[in-house]
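For reference, the structure discussed in these notes is given below.
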Amino acid sequence: MAGVANGLLASLHFARRHPDDVKALVLIAALTDDRAWWQPVIDATFLGPASVIEKEGMAAALDLNGGRWGVFDWPEQFELAPRKRQQLLEMNPATAAATLRAWAHGYSTPGRLAFGGLNDDDLAAIEKPAIVFSGADEHHTLEHARLLQHALPRSELVNSADYHGSAWQDIVNEAEAKNSFEYLAATMAGRIDTFIRAIEERAGEPDLG
């Protein structure tokens with residue numbers, strides 16, 4: 001399972017709750033613990049939409065900011081899974097708002113912002129092999145990646161700048177121009193492939209590549 005930035009947090013939560021469905025984790029651009037940076041993200045992603053859902057309903061909330069709630073990009077999600085919009089519209093508004101507020105509370109747990117509310121015991125219980133790549137800006141640094149790698153018992157750390165060497169600044173500039181960490185993730189494909197193949201070899205599985 002793989003995740004970039006906020007997708008990394010979703011991957012951690014899934015691995016903690018559904019370990020039998022996860023073989024390994026690829027985690028790119030671990031996040032900061034800076035509460036001043038996180039609060040607007042929490043407000044835009046969870047608390048603001050929750051208030052709109054309660055006052056105006058789910059349809060109004062899905063139109064909020066063109067469907068872009070902080071880290072949620074609903075238009076993109078609906079393009080990938082067209083039924084998802086109708087599923088959201090059919091949700092009980094009180095349940096939807098309560099769920100968003102619960103997520104906000106989880107993200108706000110003191111000291112655990114970088115890990116989406118998971119604590120040290122939660123992370124220690126994720127015993128799947130993991131590879132952690134550092135990100136490309138002040139909110140996704142090598143130190144943030146190192147903290148996450150230290151918390152996961154079967155993980156290795158990749159300093160993305162060292163991995164890419166002299167090409168690193170060009171990659172950072174391109175990722176900033178695209179305003180997307182997906183581009184950064186694509187540049188890690190070779191290292192990710194090596195990691196996955198090593199896991200398959202240790203497990204005695206055939207190489208499907």
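Couple of notes before you dig in:
- Condition met for GLN86 (in a helix (DSSP H, G or I), over 30 Å from LEU142 (Cβ atoms) and either touching a helix residue (DSSP H, G or I) at 6+ places or on another chain (Cβ under 6 Å) or open to solvent by 30 Å² or more (accessible area, probe 1.4 Å) (or both)): yes
Here's the yes/no breakdown for (1) surrounded by fewer than 18 Cβ atoms within 10 Å (Cβ to Cβ); (2) within 30 Å of ALA50 (Cβ to Cβ); (3) charged (D, E, K, R):
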| residue | (1), (2), (3) |
| --- | --- |
| GLU90 | yes, yes, yes |
| ARG101 | yes, yes, yes |
| GLU127 | yes, no, yes |
| LEU148 | no, yes, no |
| TYR163 | yes, no, no |
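- Here the range 17-35 is the region considered, the condition is being assigned to a helix (DSSP H, G or I) and more than 20 Å from LEU100 (Cα to Cα), and the residue that is least open to solvent (accessible area, probe 1.4 Å) is PRO19.
- Only one entry in ALA61, ALA96, ALA81 is surrounded by 14 or more Cβ atoms within 10 Å (Cβ to Cβ), without any contact (Cβ under 8 Å) to a residue 40 or more places away in the chain and more than 25 Å from ALA30 (Cα to Cα), namely ALA61.
The values are calculated or read from the model by the stated rules, or taken from the named source; none is laboratory data. No experiment lies behind these values; they were computed from the predicted model shown. Backbone-built Cβ (ideal geometry, glycine too); neighbour counts: all protein chains shown. These area figures cover heavy atoms from the full protein model, side chains too; ligands, DNA and RNA do not enter into them. Shrake-Rupley method; radii C 1.70, N 1.55, O 1.52, S 1.80 Å.
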